[in-house]
Amino acid sequence: MAPETILELKSVDKHFGGFVAVDRVSLSIAEGEFFTIVGPSGSGKTTLIRLLVGMDKPTHGDILLRGQRINDTPAHLRPTCMVFQSLALFPHMTVGENVEYPLKCRNVDKAERRRRAEECLGLAHLPAGYYDRPVTKCSGGERQRVALARALAFDPEILFFDEPLSAIDYRLRKTLEKELKDIQRETGKTFVYITHSLEEAMIMSDRIGVMRSGRLVQVGSPREIYKAPNSRFVSEFMGEVNVLPVTPANGKLMCEPLGVAFDPPPGEAVRAGSLVVRPEDMRFVNGGPPPNGVIEGEIFNEYLLGSRVQYQVRTRGFTLLVERLRDAEQPDRQIALSFTPEDSALFPE
Ligand code: ADP
Ligand code: MG
(Lines give C-alpha, C1' and ligand atoms only; values in the text may rest on other atoms or scores of the structure.)
(Ligands and ions follow the chains in the order given, each with its own letter.)
Protein backbone atom coordinates (compact mmCIF):
# COMPACT_ATOMS: atom_id res chain seq x y z
CA MET A 1 0.00 0.00 0.00
CA ALA A 2 1.39 3.40 -0.97
CA PRO A 3 1.99 5.69 2.02
CA GLU A 4 -0.63 8.36 2.55
CA THR A 5 -0.03 12.02 1.86
CA ILE A 6 0.36 13.78 5.19
CA LEU A 7 1.15 17.30 4.01
CA GLU A 8 0.09 18.97 0.80
CA LEU A 9 0.90 22.40 -0.56
CA LYS A 10 -1.21 23.81 -3.35
CA SER A 11 0.35 26.73 -5.18
CA VAL A 12 1.50 28.40 -1.98
CA ASP A 13 2.76 32.01 -2.20
CA LYS A 14 4.20 34.34 0.40
CA HIS A 15 4.60 38.01 -0.47
CA PHE A 16 6.30 40.67 1.64
CA GLY A 17 4.99 43.89 0.11
CA GLY A 18 5.87 43.55 -3.56
CA PHE A 19 8.54 40.91 -2.89
CA VAL A 20 7.66 37.28 -3.62
CA ALA A 21 9.58 35.12 -1.09
CA VAL A 22 7.68 31.89 -1.85
CA ASP A 23 6.36 31.54 -5.37
CA ARG A 24 3.61 29.03 -6.28
CA VAL A 25 5.04 26.05 -4.42
CA SER A 26 3.08 22.81 -4.87
CA LEU A 27 4.21 19.65 -3.16
CA SER A 28 2.96 16.44 -1.52
CA ILE A 29 4.86 14.87 1.36
CA ALA A 30 4.14 11.25 2.30
CA GLU A 31 3.64 9.90 5.80
CA GLY A 32 6.93 8.70 7.24
CA GLU A 33 9.02 10.45 4.59
CA PHE A 34 12.31 12.27 5.21
CA PHE A 35 11.82 15.25 2.91
CA THR A 36 14.51 17.89 2.56
CA ILE A 37 14.16 21.34 1.09
CA VAL A 38 17.51 22.60 -0.10
CA GLY A 39 18.49 25.91 -1.65
CA PRO A 40 20.97 28.76 -1.35
CA SER A 41 20.67 31.40 1.34
CA GLY A 42 17.72 33.72 0.65
CA SER A 43 15.87 31.24 -1.58
CA GLY A 44 12.81 31.22 0.72
CA LYS A 45 13.34 28.06 2.78
CA THR A 46 12.72 29.59 6.21
CA THR A 47 9.75 31.57 4.88
CA LEU A 48 8.24 28.35 3.52
CA ILE A 49 8.76 26.35 6.69
CA ARG A 50 7.25 29.18 8.79
CA LEU A 51 4.10 28.77 6.71
CA LEU A 52 4.15 25.01 7.25
CA VAL A 53 4.44 25.24 11.04
CA GLY A 54 1.90 28.07 11.33
CA MET A 55 4.21 30.92 12.34
CA ASP A 56 3.00 32.81 9.28
CA LYS A 57 0.12 32.63 6.77
CA PRO A 58 0.42 32.18 3.01
CA THR A 59 -0.61 35.08 0.79
CA HIS A 60 -2.23 32.66 -1.67
CA GLY A 61 -2.66 28.92 -1.93
CA ASP A 62 -3.52 26.18 0.53
CA ILE A 63 -1.71 24.01 3.04
CA LEU A 64 -3.44 20.72 3.85
CA LEU A 65 -2.61 18.38 6.73
CA ARG A 66 -4.21 14.99 6.09
CA GLY A 67 -6.57 16.72 3.68
CA GLN A 68 -7.65 19.44 6.16
CA ARG A 69 -6.89 23.04 5.26
CA ILE A 70 -4.66 24.49 7.98
CA ASN A 71 -3.69 27.89 6.50
CA ASP A 72 -5.20 29.75 9.44
CA THR A 73 -4.45 27.28 12.23
CA PRO A 74 -1.88 28.86 14.57
CA ALA A 75 1.33 27.00 15.37
CA HIS A 76 0.31 25.93 18.90
CA LEU A 77 -2.84 24.24 17.60
CA ARG A 78 -1.01 22.21 14.97
CA PRO A 79 0.24 18.69 15.67
CA THR A 80 3.64 19.65 14.29
CA CYS A 81 6.87 20.83 15.84
CA MET A 82 9.93 22.76 14.75
CA VAL A 83 13.60 22.32 15.68
CA PHE A 84 15.45 25.56 14.98
CA GLN A 85 18.86 26.58 13.77
CA SER A 86 19.47 28.46 17.01
CA LEU A 87 18.12 26.28 19.77
CA ALA A 88 15.35 27.65 21.90
CA LEU A 89 16.20 25.59 24.99
CA PHE A 90 15.42 27.04 28.42
CA PRO A 91 18.86 27.81 29.89
CA HIS A 92 17.74 27.83 33.54
CA MET A 93 16.33 24.31 33.28
CA THR A 94 17.87 20.86 33.37
CA VAL A 95 17.89 18.57 30.35
CA GLY A 96 14.96 16.61 31.83
CA GLU A 97 12.88 19.74 32.49
CA ASN A 98 13.49 20.92 28.95
CA VAL A 99 12.41 17.61 27.44
CA GLU A 100 9.35 17.39 29.71
CA TYR A 101 8.23 20.93 28.99
CA PRO A 102 5.77 20.08 26.19
CA LEU A 103 4.32 17.27 28.35
CA LYS A 104 3.90 19.61 31.32
CA CYS A 105 2.01 22.01 29.08
CA ARG A 106 -0.38 19.17 28.33
CA ASN A 107 -0.79 18.29 32.01
CA VAL A 108 0.82 14.87 31.70
CA ASP A 109 1.49 13.55 35.24
CA LYS A 110 4.97 13.56 36.71
CA ALA A 111 5.80 9.85 36.54
CA GLU A 112 4.63 9.57 32.95
CA ARG A 113 6.55 12.72 32.03
CA ARG A 114 9.75 11.24 33.41
CA ARG A 115 9.20 7.92 31.67
CA ARG A 116 8.58 9.64 28.35
CA ALA A 117 11.51 12.05 28.80
CA GLU A 118 13.92 9.17 29.40
CA GLU A 119 12.57 7.35 26.39
CA CYS A 120 13.10 10.43 24.22
CA LEU A 121 16.60 11.05 25.60
CA GLY A 122 17.38 7.48 24.57
CA LEU A 123 15.94 8.05 21.09
CA ALA A 124 18.10 11.16 20.75
CA HIS A 125 21.16 9.11 21.83
CA LEU A 126 21.65 10.88 25.16
CA PRO A 127 22.43 8.83 28.29
CA ALA A 128 19.58 8.66 30.84
CA GLY A 129 22.05 10.19 33.34
CA TYR A 130 21.69 13.50 31.49
CA TYR A 131 18.19 13.94 32.90
CA ASP A 132 19.41 16.04 35.85
CA ARG A 133 22.19 17.88 34.02
CA PRO A 134 21.81 21.64 33.52
CA VAL A 135 21.48 22.49 29.83
CA THR A 136 24.29 25.02 30.27
CA LYS A 137 26.68 22.11 30.98
CA CYS A 138 25.91 20.44 27.65
CA SER A 139 28.07 20.80 24.53
CA GLY A 140 26.66 22.14 21.26
CA GLY A 141 26.00 18.67 19.88
CA GLU A 142 24.36 17.54 23.13
CA ARG A 143 22.08 20.58 23.14
CA GLN A 144 21.07 19.68 19.63
CA ARG A 145 20.11 16.23 20.92
CA VAL A 146 18.18 17.75 23.84
CA ALA A 147 16.22 19.91 21.39
CA LEU A 148 15.45 16.82 19.34
CA ALA A 149 14.41 14.84 22.45
CA ARG A 150 12.08 17.70 23.40
CA ALA A 151 10.56 17.71 19.93
CA LEU A 152 10.05 13.94 20.13
CA ALA A 153 8.44 14.25 23.58
CA PHE A 154 5.87 16.52 22.00
CA ASP A 155 5.06 13.51 19.79
CA PRO A 156 4.21 15.60 16.74
CA GLU A 157 2.89 14.17 13.50
CA ILE A 158 5.56 16.04 11.57
CA LEU A 159 8.93 17.34 12.77
CA PHE A 160 10.28 20.37 10.97
CA PHE A 161 13.94 21.31 11.09
CA ASP A 162 15.42 24.61 9.97
CA GLU A 163 19.17 24.13 9.47
CA PRO A 164 19.67 22.61 12.95
CA LEU A 165 23.24 21.49 12.24
CA SER A 166 24.63 24.54 10.46
CA ALA A 167 26.54 25.84 13.50
CA ILE A 168 28.11 22.48 14.35
CA ASP A 169 31.62 21.51 13.28
CA TYR A 170 32.12 19.16 10.37
CA ARG A 171 32.89 15.83 12.07
CA LEU A 172 30.07 16.05 14.58
CA ARG A 173 27.69 17.25 11.90
CA LYS A 174 28.43 14.17 9.80
CA THR A 175 27.65 11.96 12.83
CA LEU A 176 24.45 13.82 13.66
CA GLU A 177 23.22 13.68 10.06
CA LYS A 178 23.34 9.90 10.15
CA GLU A 179 21.83 9.74 13.63
CA LEU A 180 18.93 11.95 12.56
CA LYS A 181 18.17 9.59 9.75
CA ASP A 182 18.37 6.61 12.15
CA ILE A 183 15.98 8.35 14.55
CA GLN A 184 13.60 9.13 11.73
CA ARG A 185 13.59 5.46 10.75
CA GLU A 186 13.17 4.27 14.36
CA THR A 187 10.27 6.60 15.09
CA GLY A 188 8.62 6.37 11.65
CA LYS A 189 7.84 10.11 11.91
CA THR A 190 7.63 12.43 8.94
CA PHE A 191 10.65 14.75 8.91
CA VAL A 192 10.72 17.94 6.85
CA TYR A 193 14.25 19.26 6.90
CA ILE A 194 15.77 22.46 5.57
CA THR A 195 19.39 22.93 4.66
CA HIS A 196 21.53 24.97 2.29
CA SER A 197 23.85 21.97 1.97
CA LEU A 198 23.03 19.53 -0.75
CA GLU A 199 25.61 17.15 0.66
CA GLU A 200 23.61 17.04 3.89
CA ALA A 201 20.37 16.59 1.95
CA MET A 202 21.87 13.71 -0.03
CA ILE A 203 22.85 11.77 3.09
CA MET A 204 19.53 11.91 4.89
CA SER A 205 16.65 12.32 2.53
CA ASP A 206 14.12 10.07 0.85
CA ARG A 207 13.33 12.98 -1.44
CA ILE A 208 14.76 16.43 -1.99
CA GLY A 209 13.10 19.61 -3.21
CA VAL A 210 15.46 22.23 -4.61
CA MET A 211 14.46 25.88 -4.11
CA ARG A 212 15.61 28.87 -6.09
CA SER A 213 14.27 32.41 -5.68
CA GLY A 214 11.13 31.19 -3.91
CA ARG A 215 10.34 28.48 -6.44
CA LEU A 216 10.62 24.74 -6.10
CA VAL A 217 12.62 23.98 -9.23
CA GLN A 218 13.07 20.21 -8.89
CA VAL A 219 11.77 17.45 -6.63
CA GLY A 220 13.18 13.94 -6.67
CA SER A 221 15.15 11.23 -4.92
CA PRO A 222 18.79 12.10 -4.13
CA ARG A 223 19.75 9.81 -7.01
CA GLU A 224 17.42 11.54 -9.47
CA ILE A 225 18.64 14.99 -8.46
CA TYR A 226 22.24 13.86 -8.85
CA LYS A 227 21.86 11.85 -12.05
CA ALA A 228 19.25 13.95 -13.82
CA PRO A 229 19.33 17.60 -12.70
CA ASN A 230 16.69 19.44 -14.73
CA SER A 231 18.55 22.75 -14.94
CA ARG A 232 22.01 24.22 -14.94
CA PHE A 233 21.19 25.75 -11.55
CA VAL A 234 20.52 22.35 -9.96
CA SER A 235 23.57 20.76 -11.58
CA GLU A 236 25.83 23.57 -10.32
CA PHE A 237 24.23 23.47 -6.90
CA MET A 238 25.27 19.80 -6.72
CA GLY A 239 28.91 20.78 -6.70
CA GLU A 240 31.59 21.89 -9.09
CA VAL A 241 30.81 21.12 -12.71
CA ASN A 242 32.27 21.96 -16.11
CA VAL A 243 30.05 24.28 -18.13
CA LEU A 244 30.74 24.60 -21.86
CA PRO A 245 28.81 27.24 -23.85
CA VAL A 246 27.68 25.65 -27.13
CA THR A 247 25.88 26.61 -30.33
CA PRO A 248 24.49 24.33 -33.08
CA ALA A 249 26.85 23.61 -35.97
CA ASN A 250 26.38 20.84 -38.56
CA GLY A 251 24.32 18.61 -36.27
CA LYS A 252 26.80 19.02 -33.40
CA LEU A 253 27.26 21.28 -30.42
CA MET A 254 30.10 23.65 -31.12
CA CYS A 255 32.03 25.15 -28.22
CA GLU A 256 33.57 28.21 -29.91
CA PRO A 257 36.06 29.13 -27.15
CA LEU A 258 37.53 25.62 -27.24
CA GLY A 259 37.17 25.18 -31.00
CA VAL A 260 35.75 21.69 -30.38
CA ALA A 261 32.38 20.20 -31.44
CA PHE A 262 30.53 17.62 -29.33
CA ASP A 263 27.72 15.17 -29.92
CA PRO A 264 24.54 16.12 -28.05
CA PRO A 265 23.42 14.05 -25.05
CA PRO A 266 21.14 11.17 -26.16
CA GLY A 267 17.61 12.37 -26.85
CA GLU A 268 18.58 16.06 -26.90
CA ALA A 269 18.02 18.23 -29.94
CA VAL A 270 20.99 20.24 -31.13
CA ARG A 271 20.45 23.77 -29.78
CA ALA A 272 22.31 26.62 -28.12
CA GLY A 273 22.93 26.33 -24.40
CA SER A 274 25.32 25.09 -21.76
CA LEU A 275 26.77 21.62 -21.93
CA VAL A 276 27.45 20.45 -18.37
CA VAL A 277 29.89 17.65 -17.49
CA ARG A 278 30.80 16.52 -13.98
CA PRO A 279 34.51 16.41 -13.08
CA GLU A 280 34.31 12.64 -12.45
CA ASP A 281 32.87 12.14 -15.94
CA MET A 282 35.72 13.92 -17.73
CA ARG A 283 38.08 11.27 -19.12
CA PHE A 284 41.72 11.42 -20.07
CA VAL A 285 42.06 10.20 -23.65
CA ASN A 286 44.99 7.86 -24.01
CA GLY A 287 44.86 5.83 -27.19
CA GLY A 288 41.72 4.29 -28.66
CA PRO A 289 38.87 6.21 -30.29
CA PRO A 290 37.70 9.16 -28.14
CA PRO A 291 34.03 9.03 -27.09
CA ASN A 292 33.37 12.61 -28.23
CA GLY A 293 35.21 15.80 -29.24
CA VAL A 294 38.72 16.02 -27.80
CA ILE A 295 39.91 18.93 -25.67
CA GLU A 296 43.68 19.47 -25.46
CA GLY A 297 44.98 20.99 -22.27
CA GLU A 298 47.59 21.18 -19.56
CA ILE A 299 47.34 20.20 -15.93
CA PHE A 300 48.41 23.13 -13.78
CA ASN A 301 47.13 22.17 -10.36
CA GLU A 302 45.91 19.21 -8.39
CA TYR A 303 44.05 18.89 -5.12
CA LEU A 304 43.59 15.90 -2.89
CA LEU A 305 39.91 15.51 -1.97
CA GLY A 306 39.82 12.56 0.40
CA SER A 307 39.81 9.45 -1.78
CA ARG A 308 39.90 11.45 -5.03
CA VAL A 309 42.23 13.83 -6.80
CA GLN A 310 40.93 16.88 -8.63
CA TYR A 311 43.01 18.17 -11.53
CA GLN A 312 42.62 21.67 -12.90
CA VAL A 313 43.22 21.60 -16.60
CA ARG A 314 43.92 24.79 -18.54
CA THR A 315 42.76 24.91 -22.09
CA ARG A 316 42.35 28.02 -24.31
CA GLY A 317 41.45 30.34 -21.47
CA PHE A 318 39.10 27.81 -19.85
CA THR A 319 39.77 25.90 -16.67
CA LEU A 320 38.24 22.43 -16.62
CA LEU A 321 38.01 20.10 -13.64
CA VAL A 322 38.75 16.40 -13.80
CA GLU A 323 38.46 14.00 -10.88
CA ARG A 324 40.06 10.61 -10.49
CA LEU A 325 40.44 8.10 -7.70
CA ARG A 326 43.57 8.89 -5.73
CA ASP A 327 45.39 5.69 -6.63
CA ALA A 328 44.74 6.04 -10.38
CA GLU A 329 47.83 6.44 -12.55
CA GLN A 330 49.39 9.94 -12.52
CA PRO A 331 48.55 11.64 -15.85
CA ASP A 332 51.07 13.56 -17.98
CA ARG A 333 51.05 17.35 -17.84
CA GLN A 334 49.92 17.71 -21.45
CA ILE A 335 46.68 15.81 -21.73
CA ALA A 336 43.61 15.31 -23.90
CA LEU A 337 40.12 15.20 -22.38
CA SER A 338 36.80 13.89 -23.56
CA PHE A 339 33.50 12.56 -22.22
CA THR A 340 30.71 10.34 -23.45
CA PRO A 341 27.54 12.16 -24.60
CA GLU A 342 25.61 10.12 -21.98
CA ASP A 343 27.66 11.83 -19.24
CA SER A 344 26.78 15.33 -20.43
CA ALA A 345 23.61 17.39 -20.02
CA LEU A 346 22.44 20.28 -22.19
CA PHE A 347 20.58 23.21 -20.58
CA PRO A 348 19.10 26.17 -22.44
CA GLU A 349 20.92 28.95 -20.60
P1 ADP B 1 16.40 31.20 3.37
O2 ADP B 1 15.85 30.60 4.62
O3 ADP B 1 16.30 30.30 2.17
O4 ADP B 1 17.80 31.71 3.53
P5 ADP B 1 14.38 33.23 3.79
O6 ADP B 1 13.10 32.48 3.67
O7 ADP B 1 14.83 33.56 5.16
O8 ADP B 1 15.53 32.47 2.99
O9 ADP B 1 14.25 34.58 2.99
C10 ADP B 1 13.83 34.61 1.63
C11 ADP B 1 13.71 36.04 1.18
O12 ADP B 1 12.59 36.65 1.84
C13 ADP B 1 14.92 36.89 1.53
O14 ADP B 1 15.19 37.75 0.46
C15 ADP B 1 14.48 37.65 2.77
O16 ADP B 1 15.14 38.89 2.85
C17 ADP B 1 12.99 37.83 2.52
N18 ADP B 1 12.22 37.91 3.76
C19 ADP B 1 12.11 36.95 4.70
N20 ADP B 1 11.31 37.34 5.72
C21 ADP B 1 10.91 38.60 5.42
C22 ADP B 1 10.06 39.58 6.08
N23 ADP B 1 9.47 39.30 7.24
N24 ADP B 1 9.89 40.75 5.45
C25 ADP B 1 10.49 41.02 4.26
N26 ADP B 1 11.27 40.16 3.59
C27 ADP B 1 11.50 38.97 4.16
MG1 MG C 1 16.78 30.23 6.50
Completion exercise
Taking the stretch 120-169 and keeping residues assigned to a loop (DSSP other than H, G, I, E, B), out of contact with any Asp or Glu (no Cβ under 8 Å at 6 or more places or on another chain) and not aliphatic (A, V, I, L, M) leaves 127, 133, 138, 139, 154, 155, 156, 157, 163, 164, 166, 169
Fill in the blank from the handout: Restricting the stretch 220-245 to residues that are surrounded by 19 or more Cβ atoms within 10 Å (Cβ to Cβ) and part of a strand (DSSP E or B), the one nearest to ligand 1 (Cβ to nearest atom) turns out to be 242
Practice task
Looking only at the stretch 177-197, count how many residues are crowded, with 22+ Cβ neighbours inside 10 Å and not in a strand (DSSP E or B).
Solution key: 1
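Inspect the stretch 221-235 for any residue being under 29 Å from residue 151 (Cα atoms) and in the same structural domain as residue 30 (by TED's automatic domain parsing) and give the result as yes or no.
Applying the first criterion (under 29 Å from residue 151 (Cα atoms)) to the stretch 221-235 yields 221-222.
Among the residues that remain, those that are also in the same structural domain as residue 30 (by TED's automatic domain parsing) are: 221-222.
Yes, the stretch 221-235 contains at least one residue that is under 29 Å from residue 151 (Cα atoms) and in the same structural domain as residue 30 (by TED's automatic domain parsing).
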Exercise for the section: Output the number of the condition that residue 214 fails; it satisfies all remaining conditions of (1) modelled with pLDDT of 95 or more; (2) over 21 Å from the mean Cα position of the chain (by Cα). Expected result: (2)
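With the requirement that a residue be among the acidic types (Asp, Glu) and either surrounded by 17 or more Cβ atoms within 10 Å (Cβ to Cβ) or within 9 Å of ligand 1 (Cβ to nearest atom) (or both), what does the stretch 7-31 give you? Break it down stepwise before answering.
Here is the first cut: in the stretch 7-31, the residues among the acidic types (Asp, Glu) are 8, 13, 23, 31.
Across the stretch 7-31, the qualifying residues are 8, 23.
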Problem - Set 219, 243, 234: member being aliphatic (A, V, I, L, M) and in contact (Cβ under 8 Å) with a residue 40 or more places away in the chain - result: 219
Exercise for the section: Check residue 98 against each of (1) modelled with pLDDT of 90 or more; (2) under 19 Å from residue 205 (Cα atoms); (3) polar (S, T, N, Q) and name the one condition it does not meet. Expected result: (2)
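The rows are residues; the columns are (1) farther than 16 Å from residue 155 by Cβ; (2) hydrophobic (A, V, I, L, M, F, W, C); (3) within 16 Å of ligand 2 (Cβ to nearest atom).
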| position | (1), (2), (3) |
| --- | --- |
| 34 | yes, yes, no |
| 41 | yes, no, yes |
| 70 | yes, yes, no |
| 94 | yes, no, no |
| 130 | yes, no, no |
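Within the stretch 215-265, how many residues turn out to be within 30 Å of residue 42 (Cβ to Cβ) and touching a helix residue (DSSP H, G or I) at 6+ places or on another chain (Cβ under 8 Å)? Break it down stepwise before answering.
Within the stretch 215-265, the subset within 30 Å of residue 42 (Cβ to Cβ) is 215-245.
Next, only the ones that are touching a helix residue (DSSP H, G or I) at 6+ places or on another chain (Cβ under 8 Å) stay: 217-218, 222, 225-226, 229, 234, 237-243.
Within the stretch 215-265, residues that are within 30 Å of residue 42 (Cβ to Cβ) and touching a helix residue (DSSP H, G or I) at 6+ places or on another chain (Cβ under 8 Å) number 14.
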Exercise for the section: Scan the stretch 32-46 for residues that are away from ligand 1 (no atom under 13 Å from the Cβ) and either part of a helix (DSSP H, G or I) or more than 18 Å from residue 161 (Cβ to Cβ) (or both) and report the count. Expected result: 0
Problem - Index of the failed condition, residue 36 passing every other in (1) surrounded by fewer than 21 Cβ atoms within 10 Å (Cβ to Cβ); (2) out of contact with any Asp or Glu (no Cβ under 7 Å at 6 or more places or on another chain) - result: (1)
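If we scan the stretch 58-74, do we find a residue that is touching a residue at least 40 places away in the same chain (Cβ under 8 Å), outside any helix (DSSP H, G or I), of a type in the set (Ser, Thr, Tyr) and in the same structural domain as residue 151 (by TED's automatic domain parsing)? Walk me through how you get there before you give the answer.
Keep residues of the stretch 58-74 that are touching a residue at least 40 places away in the same chain (Cβ under 8 Å), which gives 58-67.
Add one more test, that the residue is outside any helix (DSSP H, G or I), and what stays is 58-67.
Filter once more, keeping what is of a type in the set (Ser, Thr, Tyr): 59.
Subset that is in the same structural domain as residue 151 (by TED's automatic domain parsing): 59.
Checking the stretch 58-74: at least one residue is touching a residue at least 40 places away in the same chain (Cβ under 8 Å), outside any helix (DSSP H, G or I), of a type in the set (Ser, Thr, Tyr) and in the same structural domain as residue 151 (by TED's automatic domain parsing).
Quick check on the stretch 4-24. Is at least one of its residues of a type in the set (Ser, Thr, Tyr) and not in a strand (DSSP E or B)? Steps first, please.
So the first thing to find is which residues in the stretch 4-24 are of a type in the set (Ser, Thr, Tyr), and the list is 5, 11.
From the residues that got through so far, the ones that are not in a strand (DSSP E or B) too are none.
No, the conditions are met nowhere in the stretch 4-24.
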Completion exercise
The condition from (1) out of contact with any Ser or Thr (no Cβ under 8 Å at 6 or more places or on another chain); (2) closer than 24 Å to residue 206 by Cβ; (3) away from ligand 1 (no atom under 15 Å from the Cβ) that residue 49 misses is numbered (3)
Practice task
Find all pairs meeting these conditions: Cβ atoms under 8 angstrom apart; at least six residues apart or on different chains; first residue within the stretch 162-181 and without any contact (Cβ under 8 Å) to a residue 60 or more places away in the chain and within 17 Å of residue 49 (Cβ to Cβ); second residue assigned to a helix (DSSP H, G or I) and within 16 Å of ligand 2 (Cβ to nearest atom).
Solution key: 165/200
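The values are calculated or read from the model by the stated rules, or taken from the named source; none is laboratory data. Source: prediction; values computed, not measured. Here Cβ is always computed from backbone atoms with ideal geometry, including for glycine, and neighbour counts include all displayed protein chains.
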